[in-house]
Amino acid sequence: MGNKQIRLGIVGFGRIVELLHLPVLKKNPLFEIQGVFDITNERRKLATKLGFEVYESLENILKSDIDVLLITTTPESHFEIAKQAIDMNKHVLIEKPVTITYKEAIELETLGARNNRLIAVFHNRRFDTDYILINKYIREKILGRLFYVNRYYHAKESGVSFGVKSFYPQWRNLKKFGGGALLDWGVHLIDQLLSLRLGSPKYLQSEMFCLGGENNEAENYVRASLNLDTGILLNFEVNFSSNSEMPLWLVGGENGTIVIYSNYAKIFLSTEKETRLEYFSPLLKSGIERIYQSFAESFFYNKPLAVPYSEVLETMNIINMIQENSNVHKISLLEE
């Protein structure tokens with residue numbers, strides 16, 4: 001490989017780049033950050049302070065000699081930015097969701113294939129420790145015939161407090177920016193459930209709600225059930241109005257039940273008198289590292305991406321069906 005490096009440009013220099021992407025990129029010698037573009041003056045100043053070249057427009061960074069553009073802007077802008085990048089013969093790395101509609105995701109695939117450009121998407125939660133563990137238990141068949149797999153994500157708010165103040169943190173609650181529970185954590189949970197490869201979806205039931213809806217335009221609660229052709233039921237729930245600890249996974253079968261929390265698993269088997277308790281260490285950046293490494297291997301050696309785009313489309317197809325079949329119900333708390 002010699003001294004080959006992938007010249008990477010970044011558009012959208014937000015907190016997720018600062019806290020998650022930069023630490024990973026700095027440790028990977030296959031990437032060189034060539035420059036940054038952000039629409040806010042404050043974030044451009046931060047990029048300059050950190051030693052990166054700053055571009056004044058998207059057009060300028062795309063005209064530079066970068067090989068790939070990392071897109072970490074608000075979701076509604078992903079498609080147009082990626083389209084411009086691919087038209088300029090740049091590969092793209094895109095934070096989830098790849099786009100906000102299935103139609104856009106399909107169009108992006110066509111454009112990438114036409115221009116022979118790589119499209120890698122950060123469905124990185126499929127490499128989380130809890131997912132790897134539940135996948136292992138399922139493959140070992142310790143529950144016998146599976147009945148259901150439930151996946152939960154609960155948080156006390158939508159992540160507005162995580163956003164940079166210089167832009168508009170409230171974007172996560174607005175549909176025009178691609179906000180809402182479905183396109184945020186819903187993407188990760190659907191991707192994880194489909195990645196278990198337990199069968200093909202036959203039926204879908206879903207609901208979306210805007211709890212305490214006076215401050216939110218987009219849904220902050222979504223739940224869906226997928227009936228598979230194997231008879232297994234997949235369920236997921238995202239709730240951005242919960243202060244309680246919920247399990248990440250609840251999986252049931254003919255021989256018992258497995259419950260997984262953030263750092264431990266409880267295994268209840270009908271064949272064992274004692275509940276089995278297993279601890280594990282969450283690895284926050286492992287999935288991001290895996291996606292960057294696989295992109296480099298695909299770029300240099302034409303190896304498969306860690307998250308094939310065909311699987312990104314599978315997730316977006318389910319997203320599309322939920323969007324079409326679920327009305328957002330606004331619920332305001334009654335005053336006493």
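So, of the residues in the stretch 241-263 that are of a type in the set (A, V, I, L, M, F, W, C) and in a loop (DSSP other than H, G, I, E, B), which turns out to be surrounded by the most Cβ atoms within 10 Å (Cβ to Cβ)? In this case the residue turns out to be 248. Within the stretch 112-145, being without any contact (Cβ under 8 Å) to a residue 60 or more places away in the chain and basic (Lys, Arg) holds for 114, 117, 136, 139, 141. Only residues that are assigned to a loop (DSSP other than H, G, I, E, B) and more than 14 Å from residue 128 (Cα to Cα) were counted in the stretch 285-306, giving 4. Summed over the stretch 269-284, residues that are in contact with a strand residue (DSSP E or B) (Cβ under 6 Å, 6 or more places away or on another chain), closer than 18 Å to residue 134 by Cβ and part of a loop (DSSP other than H, G, I, E, B) total 1.
Of the residues making up the stretch 61-107, those that are of a type outside the set (D, E, K, R) and under 14 Å from the mean Cα position of the chain (by Cα) are 71, 72, 73, 74, 75, 78, 93, 94, 97, 98, 99, 100.
Say we look at the stretch 143-162 and pick out the residues that are under 15 Å from residue 239 (Cβ atoms) and in a loop (DSSP other than H, G, I, E, B); which of these is modelled with the highest pLDDT? Applying the filter and picking the extreme gives 155.
Each row is one residue, and each column tells you yes or no for (1) buried (at least 22 other Cβ atoms within 10 Å of the Cβ); (2) at pLDDT 95 or above; (3) over 16 Å from residue 31 (Cβ atoms).
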site	(1), (2), (3)
51	no, yes, no
59	no, yes, yes
63	no, yes, yes
74	no, yes, yes
78	yes, yes, yes
83	no, yes, yes
97	yes, yes, yes
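Could you please let me know if residue 180 is more than 21 Å from residue 130 (Cα to Cα), in contact with a helix residue (DSSP H, G or I) (Cβ under 7 Å, 6 or more places away or on another chain) and surrounded by 18 or more Cβ atoms within 10 Å (Cβ to Cβ)?
Details: more than 21 Å from residue 130 (Cα to Cα): yes; in contact with a helix residue (DSSP H, G or I) (Cβ under 7 Å, 6 or more places away or on another chain): no; surrounded by 18 or more Cβ atoms within 10 Å (Cβ to Cβ): yes.
Judged against the criteria, residue 180 is not a match.
Inside the stretch 19-36, residues that are surrounded by fewer than 16 Cβ atoms within 10 Å (Cβ to Cβ) and within 19 Å of residue 165 (Cα to Cα) make up a count of 1.
Residue 252 fulfils the conditions (1) of a type in the set (Gly, Ala, Ser); (2) within 30 Å of residue 118 (Cα to Cα); (3) over 22 Å from the mean Cα position of the chain (by Cα) except for a single criterion, (2).
Would you pick out the residues in the stretch 307-336 that are in a loop (DSSP other than H, G, I, E, B), surrounded by fewer than 20 Cβ atoms within 10 Å (Cβ to Cβ) and at pLDDT 95 or above? Within the stretch 307-336, just 308 meets the criteria.
The values are calculated or read from the model by the stated rules, or taken from the named source; none is laboratory data. Everything quoted here is computed from the prediction, not taken from an experiment. Please note: Cβ atoms are built from the backbone with ideal geometry, for glycine as well, and neighbour counts cover all protein chains shown.
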